[in-house]
Structure formats: structure tokens, C-alpha cells
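All remarks here apply to the structure that follows.
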Amino acid sequence: MLVFWRALFLIVSLLPTSLIKAADSEAGMEDFRAGVEAYEAGELNAAKRRFQSAVDAGLVSPSLLYNLGVVSYQLGDYVAAESAFRALLDGANGALARYNLGLVALARGAPVEARQWFEQASAESAPDKIRTLARAQLDKFDGDIPPSASQPSIRGYLGISGGYDSNIAGLPEDTASSEGGGFLEALAAGTYERPVDTRSRITLDVAAYSREHPSDEEYDTQVLQGGLGWSQSLAAGERGALVSLAKSWFDSESLETRYGIEGFQRWGECPLPLAPDQCGISLAAATVNGGSGFEAYDGQWYRARSHARKYLGPWRLDGEYSLEINDRRDLRTADEFVSVSPTHHTLEIDGRYRWQPDLTLGTTGSVRHSRYRDAHQLVNATGESGLREDNRLEIGLLAEKSLDNLWLVRGEWLVRDNRSSLSQYDYQRQTLMLTLEGAF
């Protein structure tokens with residue numbers, strides 16, 4: 001394996017200098033060259049320091065990132081190696097990056113993850129040499145996990161956000177508040193994963209979310225969620241299922257409790273128009289129990305979703321369609337009937353452009369059509385009666401910068417416009433948000 005890494009190092013160190021942008025600093029180039037010389041002299045620690053200094057100086061070069069990943073791997077710094085190769089996933093050498101990530105996963109004792117990377121690197125769209133190497137690695141797997149590589153893994157996520165919302169949302173399917181204000185958000189999640197064999201694994205997921213509005217506490221929201229899942233790697237993708245339990249609160253009062261189940265299938269090769277690199281489908285269902293005062297939300301929830309992803313040079317494009325059906329009790333009083341049982345059709349397109357290894361720019365757009373099962377009937381309440389149909393347009397921009405191997409900061413601007421057949425549900429909304437995000 002070390003022979004391969006040395007050969008890889010020599011290949012990428014000889015990539016044309018046209019890959020390096022003109023804006024790169026001379027100091028960065030000097031560190032890059034010095035790193036190559038140190039590596040060839042067998043001074044791996046010095047080579048790593050030089051390559052990292054070149055990155056810190058602003059040098060933007062795929063060959064630099066590959067070399068940093070290689071030397072980090074050889075020194076046993078698998079976190080740094082993984083970070084360097086992940087920075088290259090969206091570029092022209094994405095298949096090679098996936099193969100290298102498989103080698104890193106093997107070294108970390110994560111054969112299930114390694115198999116997934118090798119399966120992606122062996123796709124028909126990959127270069128012949130990389131596909132051959134990846135398939136050779138896959139051939140080495142048998143039905144059992146070596147005892148030394150069967151240890152469970154734990155991953156964590158933390159996101160802290162702050163921003164401004166021009167039209168704070170209230171209850172699901174309710175009218176907008178027409179009130180603006182600042183907000184704070186926090187999301188913490190963790191995953192415990194245990195391999196069953198070289199192809200399958202079980203996972204335990206937990207997550208906690210909170211959104212607070214200092215000036216409008218009646219709109220505060222909290223969610224706790226847990227799930228138990230199983231997944232299996234296939235020759236061309238992955239399949240799995242999970243059961244989940246989620247509890248939400250609105251204005252400190254119990255809003256919903258959901259008991260759900262979901263199944264999914266993902267493919268690494270997709271015989272679809274535009275030949276996406278990845279695609280998948282999922283089906284989910286849940287029973288919903290509304291809290292005291294929110295019994296209108298009692299009922300069932302169903303969702304079918306399809307997704308596709310395409311890499312085009314530094315671009316990553318994602319497309320998704322979802323169908324969501326709600327069968328709820330609805331709100332009935334002496335003066336009104338309000339349906340909270342919509343059917344949503346949503347189409348979403350996202351684009352991410354890796355401008356520099358540590359800086360990504362992105363845009364998102366979505367349209368959603370909603371039709372509510374029964375006509376609203378208002379007697380004494382304010383608003384229009386009739387069958388509710390909504391059309392919602394959403395457009396967003398974002399910029400994301402990596403701070404180090406674990407943390408990144410992201411800024412987002414989101415504009416939403418909802419047009420309804422019942423005027424009380426028309427609204428416009430803008431959200432500005434800054435997020436600090438870490439993955440461990």
C-alpha cells in the first residue's frame with residue numbers, strides 16, 4: 001500500500017502548474033516546493049508542515065491537497081488526511097479522492113465506510129485505473145469483519161446560528177405572524193454506529209433542536225428526536241430502514257409526538273437523463289399525536305422522496321422531488337373549520353461551487369404546490385372561506401468557509417414568497433442567518 005501512496009505522491013506533485021491559480025502567493029509556492037523536497041528526502045513531518053503552510057498561505061492547488069493527504073496518511077494523521085481528500089470530492093479528481101478516502105477508512109478500522117468509498121470509486125464514470133484499483137479493494141472483502149476492525153464508531157455534530165427573520169412563522173399550516181425579529185438556533189446530533197458485517201451496520205441517532213426568539217417568546221420551538229436504523233452496502237449503492245420517535249414543543253407547550261418508519265435505497269450509478277453520479281428514493285410514514293390544545297394535528301403523515309446529484313468540475317448539483325400527504329383530524333369549532341391536512345408537491349434545486357478549497361458558494365431554489373383536503377369554513381372569524389391552495393417560491397444564497405478540519409462558518413440569505421387562494425395565508429419572508437458548524 002505504501003508503494004501506491006509514493007507513486008500517487010509523485011503523480012500529483014507533477015501535475016501541470018496551470019492547476020494553480022495566479023492569485024496564489026509566492027510564499028505558498030515556496031512552501032509547496034519545499035514540502036516536495038522534504039518528502040523526497042524522507043522527512044515526512046517537515047513535508048507535512050510545509051504543505052500545511054502552503055494551504056494557510058492561500059495556495060489553491062489540487063496537487064497540494066493530494067500531497068497533504070498522502071503525507072498525513074503516512075504519518076497516521078487520518079483526520080488531516082480525510083479532510084484533505086474530502087476537499088477534492090467535488091472536483092475533476094473526485095473518483096481518486098473517493099478511493100483515497102476508502103484507504104483512510106481502512107486504516108482507521110472502519111471497513112463498512114471503506115467499502116462505501118470503494119464502491120463509489122468503482123463507478124463506470126470513474127477513470128479506468130481508479131476503477132480497477134477500487135474493484136481490487138472490493139475483492140479483498142469477505143463476509144466477516146476482522147476483530148480488530150469491528151469496533152463501533154461515534155460521530156457528533158453541533159450547529160449554532162443567529163439571525164433575523166422578517167416574518168416569524170407560527171404553527172404548521174397557520175397564517176404568518178407578520179412580526180419580524182432576531183432569533184437564535186442550536187442543533188446538536190450524535191450517531192452511534194456498529195458494524196454487523198462488512199456490508200451492513202446498525203445505527204442509533206439522537207438530535208436536539210431549539211429556536212428561540214428573544215423578543216417573541218411565544219414562537220419558540222424545541223424538538224427532540226431519536227432513531228434506530230439498519231443499512232446495507234450493495235454492489236452499486238446502499239439500502240436501509242429506520243424507526244424514529246420525535247417530540248416537539250411550541251411556546252413551551254407540547255405540540256406533536258411522531259412515531260415514524262422510513263425505508264431508502266441509494267445508487268452510485270443512475271440510468272437517468274443527464275447521468276447523475278448519485279440518486280436515491282425513500283418512503284416514510286408516521287403517526288402523529290397532537291399535544292393538549294393541538295389535537296387538530298392528530299393523524300397520519302406520509303412522504304415519498306427522490307433525489308439525484310451530479311458533479312460538474314467544481315460544481316455539485318442536487319435535485320429533489322418530494323410528495324407529502326397529511327391526513328389529520330383538522331380544526332373544528334362552532335365558528336369555523338380549518339384544514340391542516342395538505343398534500344405538498346415540492347421540487348428543489350441546489351448548486352454548490354467550490355471557489356477555493358476552503359470556500360464554497362451556493363444557491364438554492366424551490367417551488368411547492370399545496371392543496372388542502374377540505375374547504376375552510378369561517379363564520380365569525382376573520383378571513384376568507386373556501387378550498388385552500390398555495391404556491392410557494394423560495395430562493396436562497398449561501399457562502400461557506402472551512403475554519404479547520406472540524407469547524408466551518410456559513411452565511412445564508414433566504415427569500416420566501418407564498419401565494420394562497422385564501423388571502424390570509426399570503427406572505428413574504430426573508431431570513432438572514434450566520435451559522436458556526438462542527439462535525440466530530
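The values are calculated or read from the model by the stated rules, or taken from the named source; none is laboratory data. Every value quoted in this text rests on a predicted model; they were computed, and no experiment measured them. Using ideal geometry, Cβ is built from the backbone for each residue, glycine included, and neighbour counts are taken over all protein chains shown. Calculation scope for accessible area: heavy atoms of the full protein, side chains included, ligands and nucleic acids excluded. Shrake-Rupley method; radii C 1.70, N 1.55, O 1.52, S 1.80 Å.
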Please work out which residue is nearest to ALA236 (Cα to Cα), limiting yourself to the range 285-311 and to residues that are among the hydrophobic types (A, V, I, L, M, F, W, C) and buried (at least 19 other Cβ atoms within 10 Å of the Cβ). ALA308
Name the residue, out of ALA47, ALA84, that is open to solvent by less than 10 Å² (accessible area, probe 1.4 Å) and more than 27 Å from the chain's Cα centre (by Cα). ALA47
Taking the range 362-414 and keeping only residues that are in contact with a helix residue (DSSP H, G or I) (Cβ under 9 Å, 6 or more places away or on another chain) and open to solvent by 60 Å² or more (accessible area, probe 1.4 Å), one is left with THR382, GLU384, ASP404, ASN405, LEU406
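Can you tell me which residues in the range 58-81 are among the hydroxyl-bearing types (Ser, Thr, Tyr) and open to solvent by 10 Å² or more (accessible area, probe 1.4 Å)?
Within the range 58-81, the first condition is being among the hydroxyl-bearing types (Ser, Thr, Tyr), and the residues that meet it are 61, 63, 66, 72-73, 78.
Once the filter is applied, which keeps residues that are among the hydroxyl-bearing types (Ser, Thr, Tyr) and open to solvent by 10 Å² or more (accessible area, probe 1.4 Å), the range 58-81 yields TYR73, TYR78.
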For the range 38-47, indicate whether the set of residues that are modelled with pLDDT of 85 or more, part of a loop (DSSP other than H, G, I, E, B) and of a type in the set (D, E, K, R) is non-empty. yes
Can you run down the residue pairs with Cβ atoms below 9 Å, 6 or more apart or on separate chains, where the first is in the range 101-124 and more than 21 Å from THR203 (Cα to Cα) and the partner is at pLDDT below 75 and open to solvent by less than 10 Å² (accessible area, probe 1.4 Å)? LEU103/TRP5
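With respect to SER153, determine if the residue is at pLDDT 85 or above and among the hydroxyl-bearing types (Ser, Thr, Tyr). Walk me through it before giving the result.
Values: at pLDDT 85 or above: no; among the hydroxyl-bearing types (Ser, Thr, Tyr): yes.
For SER153, the condition - at pLDDT 85 or above and among the hydroxyl-bearing types (Ser, Thr, Tyr) - is not met.
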Anything in the range 416-438 that is in contact (Cβ under 8 Å) with a residue 40 or more places away in the chain and part of a loop (DSSP other than H, G, I, E, B)? List them, or say none. LEU422
Of the residues that make up the range 175-188, is at least one among the hydrophobic types (A, V, I, L, M, F, W, C) and modelled with pLDDT under 85? yes
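Yes or no, residue by residue, for (1) in contact with a helix residue (DSSP H, G or I) (Cβ under 8 Å, 6 or more places away or on another chain); (2) within 21 Å of ARG373 (Cα to Cα); (3) in a loop (DSSP other than H, G, I, E, B):
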| site | (1), (2), (3) |
| --- | --- |
| TRP301 | no, yes, no |
| HIS307 | no, no, no |
| ASP318 | no, no, no |
| LEU323 | no, yes, no |
| ALA334 | no, yes, yes |
| THR343 | no, yes, no |
